[in-house]
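Have a look at the structure below, then the notes.
The values are calculated or read from the model by the stated rules, or taken from the named source; none is laboratory data. Keep in mind that this is a model prediction, so the values were computed, not measured. Please note: Cβ atoms are built from the backbone with ideal geometry, for glycine as well, and neighbour counts cover all protein chains shown.
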Amino acid sequence: MTDAMGIILTRNQDVRMNELTQVRDISALPFAGRYRLIDFVLSNMVNSGIINVGIATHVNYSSLMDHVGSGKPWDLNRKNYGLFMLPPQVRGASLGAAGDVDLLHNVLTYLHRSKQKYVVLTGANIVCNMSYNDAIKFHEEKGADITVIYNEMDLNDPQLKKCTTFDVNTAGKVVGIHHNLSEPVSGNAGMDVYIIERTKLQALIEDAYAKGSHSFINDILRTSMDSLDICAYKYEGFVGRIDSVVSYYDNNMKMLDCAVRNEIFAGKNPVYTKVKDQVPTKYLEGAKVKNSLIADGCIIDGEVENSIIFRGVHIAKGASVKNCIVMQNSVIQERCDLENVVVDKECTLRTGKRLVGQPTYPVILPKRTLI
Amino acid sequence: MKATKCVAMILAGGQGSRLGILTSKVAKPAVTFGGKYRIIDFALSNCVHSGISTIGVLTQYKPLELNTYIGNGSTWDLDRNDGGVFVLPPYQKEETGEWYKGTANAIYQNIEFVDQYNPEHVVILSGDHIYKMDYNKMMQYHEEKGAAATIAVIPVPWEEASRFGIMETDGEGTITRFAEKPKEPKSNLASMGVYVFKWSALKEYLIRDEKTPGSENDFGKNIIPAMLDDGQKLTAYGFEGYWKDVGTVQSLWEANMDLLSDPPILDMYDADWRIFSRNPVKPPHYVADGASVTNTCITEGCNIYGDVKNCILSEGVTVGKGSVVEDSILFPGVTIGENTVVKKAIIGSDTTLGNNVVIGDKSVDSKEFESKYCSADISLIGGNITLGDNVKIGVNAMVTKTVEA
């Protein structure tokens, strides 16, 4: 068994998701037809043999709690360890700041109480199917204090500007850390995953908090580059970063690519999610479907092309849905025409409505919209 | 001890031999149905929605897969502190130990199990019917009538009545006569194999039946007639709705196809009466550019590149480019190659069909595969086998072994 525990930090800072994250924490954002973003990191944890996972939240976490429940879909409903929801501790009237250090300070007791040697510290807005075990092994071999996991991005990728990038020397040591550079000099983009000894993390948090610091990257990683041995582990697989409406839209669409889909879902490590006991999807006579991912419980009688359709969606006869993401239980009535639209949960589009967005600027219909 | 009002006992021990190769490795209640269910999901889900949470499942024939499927019962919310679902195979007693000799004997051998819960009533169910039914309403009726036993009945077409156990009733719904598969039926009310008994009464008759020499230890043949002879009050509870016995290849095929009717004859979308099943850990299904899917049910994890019409596809099925699949039921993990044609077939789990295969072509002579289990042009392909490229199979065929290209 892996001698590591997991801490997932989740908050809506630094993301530009408009209406999509007004009703929910980004970790609870629906993805790829039947998942929430948290499913990927939780599945990665349990597939790596981690059985002690804490989720530190800040605000709007009711969707998240509803989704993870007791942790059963991930086999994390356990007597020994399992899943721990760690909502913010409220001091006085204030919720407190939402920096990583503040969130981590809230979970110190949980860290003290745990017994695993290492902590895998991670965010919840990255889609990938990785085992942390190779990185932990790398961490041990290097004798590192902190190991950061990164993947290589194209220097022209606009998303790179929002990433933390690392200068890594040939020995695998981090020699420079940059954040939000307008002209990135390195494509080594941090995946917001860190491996660190539990007791060391506790000490670093206590120190940083005492100094009034908030940021894990700026106040802990960057200031201790000289005193700590920080190594970087390169991840080679598919990485989908969700930090804006466009990246959310693009990464959903990437799941239509057979190679990407197989890497994420068809390997030996499954992606677990909450079970809904929906019936299989039913195609009626009018169904014309092309290049689309469709979850269970839908009734399809219209045209669907290049789209991601979540559980329980109805698409009526004569309706046309192109390049869209339609979330759970939404209803698209007859002769509606949708292109480049993200339809959030439980929306209804009455007969004959037409909505057209752009791939670079999809229209978002907030949860429970009725048109 | 705390008394449980009602215990359900599900008879799931039969082989269901008329399903041919489909039940060569699993008991009938564990056979795949409707894309993501097993037949027993209906009885178990009905119990849970009816508020019955103490359930014994009587197994005997090839129980491994059924046992694994039921597990701790959490799929149906039956992992309870008090009660829950229990798999009850026959077991060794002090002096004897024997197989379940009949439906009544199976319950007789588990009298101690039922007694643990000290219930007022016992519901006896078959694990091999497709229907949605509120057993609680039936139990209320049973109590109102003050009956010793209540039998659920459904009107069947007169010409088919001689295939069923037929009840004759008086104006009040009291059963006056019971005839098992009568040649000249006097009523068209067929027993659905759903019984509610006052436990104290049933126990007495089970013990008595066991001591009767020559008894077949069967509910329909022995217990019910004995109670009627004694003048016990037996009532018929009329059920309206969809009910289907899936004992044959043809009826299994028909019941699956019934799910495709629009509007559906059996509403599976009712959120208040969901049929629970083990859900696959698979992504949504994918329909490619160039594929065509109409009048079909598809489950998660499928990849469709060909044409699919009037089919039920279970999880993880792949249909290759240029292939045409019609009027068929594909069990989990079936892989179909390219330019293959499948018509009116049931294909077992994890079977692979190569390229240019033909199944269900009337012009193909398939004498070697002919089977008494297959009728109505339905072909049956067993699980975990391979049909190589260019293999051709006719109608009413049952293929049990790999056929090389």
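Overview of values
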| read-out | value |
| --- | --- |
| Residue within the range B:53-63 that is touching a residue at least 12 places away in the same chain (Cβ under 8 Å) and over 17 Å from the mean Cα position of the chain (by Cα) present | yes |
| Filtered residues of the range B:271-287 (kept if charged (D, E, K, R) and in a loop (DSSP other than H, G, I, E, B)) | B:Arg274, B:Arg278, B:Lys282 |
| Subset of the range B:182-200 (residues that are without any contact (Cβ under 8 Å) to a residue 24 or more places away in the chain and either crowded, with 20+ Cβ neighbours inside 10 Å or among the charged types (D, E, K, R) (or both)) | B:Lys183, B:Glu184, B:Lys186 |
| Selection count where residues are farther than 16 Å from B:Asp245 by Cα, touching a residue at least 60 places away in the same chain (Cβ under 8 Å) and part of a loop (DSSP other than H, G, I, E, B), scope the range B:18-52 | 7 |
| Count of the range A:59-76 residues which are in contact with a Ser or Thr (Cβ under 7 Å, 6 or more places away or on another chain) and either acidic (Asp, Glu) or surrounded by fewer than 21 Cβ atoms within 10 Å (Cβ to Cβ) (or both) | 1 |
| Verdict on B:Val395 being farther than 28 Å from B:Lys282 by Cβ and at pLDDT below 90 | no |
| Residue within the range A:53-61 that is closer than 18 Å to A:Arg11 by Cα and assigned to a helix (DSSP H, G or I) present | no |
| Given (1) over 15 Å from the mean Cα position of the chain (by Cα); (2) farther than 20 Å from B:Val281 by Cα; (3) surrounded by fewer than 20 Cβ atoms within 10 Å (Cβ to Cβ); (4) modelled with pLDDT of 95 or more, index of the condition A:Val239 fails | (1) |
| Strands (runs of 3 or more DSSP E) enclosed by the range A:224-298 - at least 3 residues per element that are more than 24 Å from A:Asp66 (Cβ to Cβ) and within 14 Å of chain B (Cβ to nearest Cβ) | A:288-290 |
| Any hit, the range B:176-187, residues being modelled with pLDDT of 95 or more and of a type in the set (Val, Ile, Thr) | no |
| Unique residue being of a type in the set (S, T, N, Q), away from chain A (no Cβ under 14 Å), surrounded by fewer than 17 Cβ atoms within 10 Å (Cβ to Cβ) and in contact (Cβ under 8 Å) with a residue 40 or more places away in the chain when the list is B:Gln92, B:Gln15 | B:Gln15 |
| Unmet criterion (only one of (1) out of contact with any helix residue (DSSP H, G or I) (no Cβ under 8 Å at 6 or more places or on another chain); (2) closer than 20 Å to B:Ala291 by Cβ) for A:Ile308 | (1) |
| Within the range B:44-90, considering residues that are among the hydrophobic types (A, V, I, L, M, F, W, C) and under 15 Å from B:Val31 (Cα atoms), the one modelled with the lowest pLDDT | B:Leu64 |
| Filter result (buried (at least 16 other Cβ atoms within 10 Å of the Cβ) and not hydroxyl-bearing (Ser, Thr, Tyr)) within the range B:211-224 | B:Asn217, B:Asp218, B:Phe219, B:Gly220, B:Lys221, B:Asn222, B:Ile223, B:Ile224 |
| Hey, A:Asp207 over 26 Å from the mean Cα position of the chain (by Cα) and not in a loop (DSSP other than H, G, I, E, B) or not | yes |
| Residue in the range B:24-42 that is surrounded by fewer than 21 Cβ atoms within 10 Å (Cβ to Cβ) and not aromatic (Phe, Trp, Tyr) present | yes |
| Subset of the range B:311-339 (residues that are more than 10 Å from every other protein chain (Cβ to nearest Cβ) and more than 22 Å from A:Phe265 (Cα to Cα)) | B:Gly322, B:Ser323, B:Val324, B:Val325, B:Glu326, B:Asp327, B:Ser328, B:Ile329, B:Glu338, B:Asn339 |
| A:Ala124 being touching a Cys at 6+ places or on another chain (Cβ under 8 Å) and either in a loop (DSSP other than H, G, I, E, B) or of a type in the set (D, E, K, R) (or both) | no |
| Complete set of residues in the range B:144-191 that are among the aromatic types (Phe, Trp, Tyr) and farther than 15 Å from B:Leu234 by Cβ | B:Trp158, B:Phe164 |
| Residue in the range B:148-160 that is part of a loop (DSSP other than H, G, I, E, B), more than 18 Å from the chain's Cα centre (by Cα), without any contact (Cβ under 8 Å) to a residue 60 or more places away in the chain and over 30 Å from B:Pro63 (Cβ atoms) present | yes |
| Members of the range A:314-369 that are small (Gly, Ala, Ser) and in a strand (DSSP E or B) | A:Ser320 |
| Matching option when the condition is aliphatic (A, V, I, L, M) and either at the interface with chain B (Cβ under 10 Å from one of its Cβ atoms) or within 24 Å of the chain's Cα centre (by Cα) (or both), among A:Ile325, A:Ile315 | A:Ile325 |
| Criterion violated by B:Ser162 - all others in (1) touching a Leu at 6+ places or on another chain (Cβ under 9 Å); (2) closer than 30 Å to B:Phe33 by Cα; (3) of a type in the set (Gly, Ala, Ser) satisfied | (1) |
| Considering residues of the range A:316-328 that are without any contact (Cβ under 8 Å) to a residue 60 or more places away in the chain and buried (at least 18 other Cβ atoms within 10 Å of the Cβ) only, the residue nearest to A:Lys274 (Cα to Cα) | A:Val326 |
| The lone exception for B:Gly290 - which of (1) under 28 Å from A:Asn129 (Cα atoms); (2) outside any strand (DSSP E or B); (3) within 11 Å of chain A (Cβ to nearest Cβ) it fails | (1) |
| Residues satisfying the stated conditions in the range B:271-288, i.e. modelled with pLDDT under 90 and surrounded by 17 or more Cβ atoms within 10 Å (Cβ to Cβ) | B:Asn279, B:Pro280 |
| Residues located in the range B:30-72, provided they are over 24 Å from B:Asp267 (Cα atoms) and within 14 Å of chain A (Cβ to nearest Cβ) | B:Gly71, B:Asn72 |
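Matching residues to (1) at the interface with chain A (Cβ under 9 Å from one of its Cβ atoms); (2) at pLDDT below 95; (3) in a strand (DSSP E or B); (4) closer than 23 Å to A:Thr273 by Cβ:
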| site | (1), (2), (3), (4) |
| --- | --- |
| B:Asn222 | no, yes, no, no |
| B:Ile265 | no, yes, no, no |
| B:Tyr269 | yes, yes, no, yes |
| B:Val308 | yes, no, yes, no |
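Rundown of residues vs (1) away from chain B (no Cβ under 14 Å); (2) farther than 20 Å from B:Val281 by Cβ; (3) β-branched (Val, Ile, Thr), yes/no style:
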| site | (1), (2), (3) |
| --- | --- |
| A:Thr21 | yes, yes, yes |
| A:Asn47 | no, no, no |
| A:Ile55 | yes, yes, yes |
| A:Asn60 | yes, yes, no |
| A:Gly71 | no, no, no |
| A:Val90 | yes, yes, yes |
| A:His105 | yes, yes, no |
| A:Ser114 | yes, yes, no |
| A:Val119 | yes, yes, yes |
